[in-house]
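**Student:** The structure under discussion is supplied below as C-alpha cells; questions concerning it will follow.
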Amino acid sequence: MSEVVDHLAELTGFRDRDVVDVTLVGAFCDLLRPDSVAIYRPVGEPDAQRWLTRARLRGQETTPTADSVWAALEDLPALETLPQHRRCLQEQAAVTCTADGRTMSLFPLNTDREVAGVLDIRTRAPLTDEQTRLVSSILRVYRNFQVLLDYSERDTLTGLLNRKTFDGSFLRVSAQGAPTPVQAAPCHERRSGGESTWLGVIDIDHFKAVNDSHGHLIGDEVLLLIARLMRGSFRFQDQLYRFGGEEFVVLVRGGRAEQAAIAFERLRANIAAYVFPRVGHITVSIGFTEVRTGDSPSGAFERADKAVYHAKQNGRNQVAHHGDLIARGLLVDETRTGDMELF
C-alpha cells in the first residue's frame, strides 16, 4: 500500500502534463511488472485522427520514450491501425484481448472535456481483479488531477490555455529552440533543428462595439466561436491561448515565415467568412514574430503586438509579419537597436 501512495504522491507532484504521463507509465511498470505500458492520444481533425504516443516504457527500460510533440501529423499512425485502441476510445470502456501469448489491457483516459487517450498495458497473463481495481483507482486520481490542471491552465470561458501557462511554455521554446520531428525520442529530450517557432497575436477588430451594441453575453459567444475557429485553423501541436478581453495568442511550432503567414492568414480568412449569430461578420488583425533563442515572453509579445498595431493602423483585417515590416522599413526593431547601443 505504501508503494501505491508513494506513486500517487509523485504523480500529483508535477504541473507538466508530459511529466505526469511519464510518471503514470512508470508507476504502472513498478506496480504491475508488465512487459510494457504506453499512453496513446488521438490528435488531428475528427475525420482524420492519428495516434500520438505520449509515453511508453518497456519492462527492462529505465527511460520512457514518446513521439515528439513536433511530429508531423502525417508521420503518425492512423486510428484504424490500432482497432482495439480505437474501440476503447469510442466506447469509453476497458478492452482486453490476447495475442501471441500476451494480454493487452486497454483503459480509456477520461477528462471532464473528452476521452483524452488510451492506456495500454501488456502482460504475460491477464490482469487479476485486484490489479484491475488498482489500475482503475489510480486512473481516477489521474483524471481528477487532470481536471485540476485544466482549471489552473485554461481560460474558463473559451477553454484555451491561459496567460500563466503561456509564460512557462514560451520560455521552454525560446531556451531550447525548435526541435526536428523525431519519433520515439526520449520524453525529456528536445533537439534543436532548423525550423523556427512563431508567436502570433490576434486582436478582434471593433470588439468594444460588439459588446456595446449586443451586450456582453453575445460578446462572450463571439469569443467562444473565435476559439473554435482557432482550433480548426491550426495544427494539434500549435498552442492556443486567450490572454483576456479580445486578445488571443498562438505559438506556431516549426516552419518558415511563409508557412507561418499562411497559417495566420487561414485563421483570418476563416473568421472573416464566418457569420456570427446576432452580430454578422467580424474581422481580426494579426501580428506575428519569430521566437528568438533566449527571448523573453514580453519581448516577443511586444514585437508581435507592434505588428498588430500596424495592421490596425493600415485597414485592419490583415496579417502583419514583424520581421517583414522591419525589412521594408515600416518599423524599427528597437530590441536590436538597444543591443547595438551597448557597444
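**Student:** Tally the residues that are within 22 Å of the chain's Cα centre (by Cα) and either surrounded by fewer than 15 Cβ atoms within 10 Å (Cβ to Cβ) or among the aromatic types (F, W, Y) (or both), restricting the search to the stretch 82-107.
**Tutor:** 1
**Student:** Inspect the stretch 21-44 for any residue being among the small types (G, A, S), touching a helix residue (DSSP H, G or I) at 6+ places or on another chain (Cβ under 6 Å) and closer than 28 Å to S233 by Cα and give the result as yes or no.
**Tutor:** Within the stretch 21-44, one or more residues are among the small types (G, A, S), touching a helix residue (DSSP H, G or I) at 6+ places or on another chain (Cβ under 6 Å) and closer than 28 Å to S233 by Cα.
**Student:** Of everything in the stretch 38-63, what is over 22 Å from N110 (Cα atoms) and touching a strand residue (DSSP E or B) at 6+ places or on another chain (Cβ under 6 Å)? Give them in sequence order.
**Tutor:** R58, T63
**Student:** Can I ask one more? Restricting attention to the stretch 14-22, does a residue exist that is in a helix (DSSP H, G or I), farther than 20 Å from V147 by Cβ and either assigned by TED's automatic domain parsing to the domain that holds G255 or at pLDDT 80 or above (or both)?
**Tutor:** no
**Student:** Related question: Step by step: first the residues of the stretch 55-81, then only those that are among the small types (G, A, S) and assigned to a strand (DSSP E or B), then the one that is surrounded by the fewest Cβ atoms within 10 Å (Cβ to Cβ). Which residue is that?
**Tutor:** Once the filter is applied, the top-ranked residue is A78.
**Student:** Please specify each residue of the stretch 228-249 satisfying the condition of being under 11 Å from the mean Cα position of the chain (by Cα) and free of Cβ contacts under 8 Å to residues at least 12 places away in the same chain.
**Tutor:** Residue satisfying the conditions is R231 alone.
**Student:** Considering (1) within 16 Å of the chain's Cα centre (by Cα); (2) over 22 Å from R50 (Cα atoms), say which one A261 fails and leave the rest.
**Tutor:** (1)
**Student:** Only one of (1) modelled with pLDDT of 95 or more; (2) within 23 Å of the chain's Cα centre (by Cα); (3) not β-branched (V, I, T) is not met by D295, so which one is it?
**Tutor:** Of everything listed in (1) modelled with pLDDT of 95 or more; (2) within 23 Å of the chain's Cα centre (by Cα); (3) not β-branched (V, I, T), D295 misses just condition (1).
**Student:** For the stretch 193-206, check the following and say yes or no: at least one residue is at pLDDT below 85, touching a helix residue (DSSP H, G or I) at 6+ places or on another chain (Cβ under 9 Å), closer than 21 Å to Q237 by Cα and of a type outside the set (D, E).
**Tutor:** Checked the stretch 193-206: no residue is at pLDDT below 85, touching a helix residue (DSSP H, G or I) at 6+ places or on another chain (Cβ under 9 Å), closer than 21 Å to Q237 by Cα and of a type outside the set (D, E).
**Student:** All but one of (1) within 19 Å of F170 (Cα to Cα); (2) at pLDDT below 95; (3) crowded, with 20+ Cβ neighbours inside 10 Å hold for G287; which doesn't?
**Tutor:** Going through the list (1) within 19 Å of F170 (Cα to Cα); (2) at pLDDT below 95; (3) crowded, with 20+ Cβ neighbours inside 10 Å, G287 breaks only (2).
The values are calculated or read from the model by the stated rules, or taken from the named source; none is laboratory data. Here the structure is a predicted model, which means the values were calculated and not measured. A quick note on method: Cβ atoms are made from the backbone with ideal geometry, for glycine too, and the neighbour counts reach across all protein chains shown.
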